[in-house]
Amino acid sequence: MVISQHSHLAPRQAQILPKHVHYCLPGDEIPIADDYDMYQREVVPQLPLELGQVQLPLLIQGEPVLSPRGRRPVSPCGGRQPCPLDGLTDSFGSNLNTFPPGKPNRDNIGNICKKSRAKTVYGRQNLPQTGFSHLSRQGQAINELEEGFTACCRKPDKLRCAVDVWKKTLEDFCVSEFSVKTRHYHCCKKSGSERETCFNNDAPNPSYVTSAALQEISSEEISAAASPRNLKACPPNSPKCQEDMDSKYKLSGLAFPPGEPKSSNIQNICKLRKYRPLYTDNLLPNTGYGHYVRRAKAIQRMEGEFKKCCKTDDVACAHAGWKKVLGKFCAQEQIVKTKHHECCKKRDQTSMTSCFASEAPFPEYDREVEVLNLGNVTEDDLQILCGESKLLSKQKQMPLLVSSIKERCCALSQDEKLRCAAEQRETFIKTLCGPKKSSWKDAQDCCSKDEQGREQCFTYYLQNISMAVSQRTKGQ
């Protein structure tokens, strides 16, 4: 509608005004606006107008559309809304399918610690990097939980350790949730036992049982569908993966923080150094995994400090190096804007080092120590014996059995290995009760028993055999 410059206003009673446009003239009552009139639009100036021709604004009725400034988050499926990643999220795309994790208990601790259990590591390679930050926070919690479980499964009291790790991980997750202004995970709004119960009730897989279908997925299908990755999977975008899929660049569980050096563990610190993993720059990701890289580099620097002290098993020297490295680690933590290690938030060095000492998953530096029962050798035992390992137990005759299994059995097929190990044990017992009987003290008087009783009796001597097992990957 156009109003001419030379139009004259008629008396007010005869004035014709455009429909749907309200003009407030002196003396008018202000009408009560309906929902439509409350929408924001251009202001039309009062008449008369001294203009040539003015085009009145076009008013469009309908719901306003709000959109964020800048680039909108793009989902992994290419759309603007979250969508399920095959094998990673629930059907709504709102939660990872492994979150929240179930609370460890007597019924599921065996599954948690099963070596064949498929684990998931989340990061740039399988989560969207813009928007959907709630998935990244859930993924980080799962990553930290699996690192903790790996450490707990090597301890005598696995369950108690795993429960503590579970509680702390979810506590840290809720702290991270409340640090952002978006909607928080509903369980975090509870506290104490109610929060724990809420998380456990929400757990999609409280038993930690891996479905057969997931176990049958090939590595190619996993890569194509962005399915869960084993903790040692190689990120597909890594230059190392592109060069060599069997690359040494694989993430592994970190024994962080390292335990506080003292007289009770200095022997393990020094004697087991060559069995602990290396974290040199060429083995670490160049981008992403910031918290992992900072911790790995701290461990590597710690080993360098220990090397200076191990010529004389100097506890004071090792302790000074330990404090120095952790101090530098916390300084680097404070530089980044992401969540910092809890111990780095302490106000003084004494509190900081005490915190690290209490958080150490292997305070005695015994991660590399495995205890075997050579009276009943299993496939897992053979994997240790046939790998890079060293006998630590001091029994005088034990090296004879260990060396015979390594030399005669390790090159055979799996079934033949078990049969061979049993034969070597029988030969070992006959030798000790025959030609070498005078060279050792038979405190249990096993050699005087019949053949069946003798084997059962020798279990006493063959159990609790300590082995140092290398945690390094090939080529380290």
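Tabulated data for the structure shown
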| read-out | value |
| --- | --- |
| Exposure of residue 379 as accessible area (Å², to 10), given a probe of 1.4 Å and all protein chains | 100 |
| Cleavage-rule hits, trypsin sites (Lys or Arg not before Pro), the range 412-471, DSSP coil, Cβ neighbours within 10 Å at most 10 | 441 |
| Exceeding the 31 Å Cα-Cα cut-off - candidates 155/449; 115/390; 271/339 | 155/449; 271/339 |
| Check: the range 322-389 dipole with +1 on Lys, Arg Cβ and -1 on Asp, Glu Cβ, in debye | 960 |
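The values are calculated or read from the model by the stated rules, or taken from the named source; none is laboratory data. Bear in mind the structure is a predicted one, so any value in this text is a computation, not a measurement. Every residue, glycine among them, receives a Cβ derived from its backbone with ideal geometry; neighbour counts consider all protein chains shown. Only protein heavy atoms, including side chains, enter the accessible area calculation; ligands, DNA and RNA are left aside. Shrake-Rupley method; radii C 1.70, N 1.55, O 1.52, S 1.80 Å.
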